[in-house]
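Colleague: Questions regarding the structure given below will be posed in turn.
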Amino acid sequence: MISALKILFSIVFVWMCYVVITTCLKSNLFTEWDYLGSIPWMRATLWDFYANVLVIFVWVCYKEKTIIGKAIWLILLVTLGSIASCGYVLIQLFRLKPGEGLKELFGKKNG
């Protein structure tokens with residue numbers, strides 16, 4: 001199960017990096033913002049995104065020991081979205097010792 005999760009989150013991580021980079025090369029978010037902000041579904045998507053950031057950040061706060069680590073991950077989650085989420089999960093997956101599973105992935109604190 002852990003190996004499958006490593007593969008899954010690696011694929012999503014690489015895919016989202018590709019999508020974000022290619023989109024940045026084609027379109028500037030800051031010049032498009034007035035138009036995008038006027039679309040109701042864009043506003044709903046942003047609220048959805050930040051609600052998900054909150055959920056993931058609560059888990060990060062449980063897992064991370066230091067305020068600095070928590071703050072860094074909050075900044076990464078807000079600015080990089082699913083790239084940071086996948087990165088965090090991958091780090092947690094690769095920190096697991098042989099024989100550890102989902103219980104340790106979700107419940108074991110870092111450090």
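Readers should treat all values here as calculations from the given coordinates under stated rules, not as data from a laboratory. Just so it is clear, the model here is predicted, and its values are computed rather than measured. Note: ideal-geometry Cβ built from the backbone for every residue, glycine included; neighbour counts use all protein chains shown.
Colleague: Hey, got the dipole for the chain? About the Cα centre, +1 on K and R Cβ, -1 on D and E Cβ, debye to the nearest 20? Show your work: numbers first, answer last.
Modeller: Values: 11 positive and 6 negative charges, 109 e Å.
So the magnitude is around 520 debye.
Colleague: FRET efficiency for N110 and T22, Cβ-Cβ distance as r, R0 = 30 Å, nearest 0.05? Don't skip to the answer; put the middle values down first.
Modeller: Numbers: r = 33 Å, r/R0 = 1.10.
Calculated transfer efficiency: 0.35.
Colleague: Along the Cα→Cβ direction, 7 angstrom out, place labels at T79 and V55. What is the inter-label distance in nm?
Modeller: 2.5 nm
Colleague: Which FRET efficiency value, to the nearest 0.05, is calculated for Y62 and V12 with the Förster distance at 25 angstrom and r the Cβ-Cβ distance?
Modeller: Details: r = 22 Å, r/R0 = 0.89.
Here the calculated transfer efficiency is 0.65.
Colleague: Give the shape of segment 35-100 as rounded, prolate or oblate, defined through the alpha-carbon gyration tensor: a ≥ b ≥ c are the square roots of its eigenvalues, a/c under 1.5 means rounded, and otherwise the shape is prolate if a/b is larger than b/c and oblate if not. Please list the in-between numbers first.
Modeller: Working: a/c = 2.98, a/b = 2.17, b/c = 1.37.
In terms of gyration-tensor shape, prolate.
Colleague: In segment 75-98, which residues have a backbone nitrogen under 20 Å from the label point lying 7 Å from L29's Cα in the Cα-to-Cβ direction?
Modeller: Output list for this probe position: 75-89.
Colleague: Go ahead and set up a Gaussian network model of the chain, Cα springs under 10 Å, then flag whichever of L74, L36, L25 fluctuates most.
Modeller: L25
Colleague: Right, something else. Using the Karplus equation 6.51 cos²θ - 1.76 cosθ + 1.60 (θ = phi - 60°), what ³J(HN,Hα) coupling, rounded to whole Hz, does each residue of segment 97-109 give in order, writing x for Gly and Pro?
Modeller: Rounded to whole hertz, the list is 7, x, x, 7, x, 4, 4, 6, 4, 8, x, 7, 7.
Colleague: Tell me which DSSP H helices of the chain clear both cut-offs, 24 Å or more of axial length from alpha-carbon atoms and a mean Kyte-Doolittle hydropathy of at least -1.0.
Modeller: Details: long enough: 2-26 (36 Å, 1.90); 40-63 (35 Å, 0.81).
For the chain, where a helix must reach 24 Å along its axis and average at least -1.0, the hits are 2-26, 40-63.
Colleague: Rounded to the nearest 500, what is the chain's calculated 222 nm mean residue ellipticity when only DSSP H runs of at least 4 contribute -39500 (n - 2.57) each, over all residues?
Modeller: Working: 6 runs with 92 residues, N = 111.
Per the formula, -27500 deg cm²/dmol.
Colleague: If the elastic network links every pair of Cα atoms under 10 Å, which of W33, W15, W47 fluctuates the most in the Gaussian network model of the chain?
Modeller: W33
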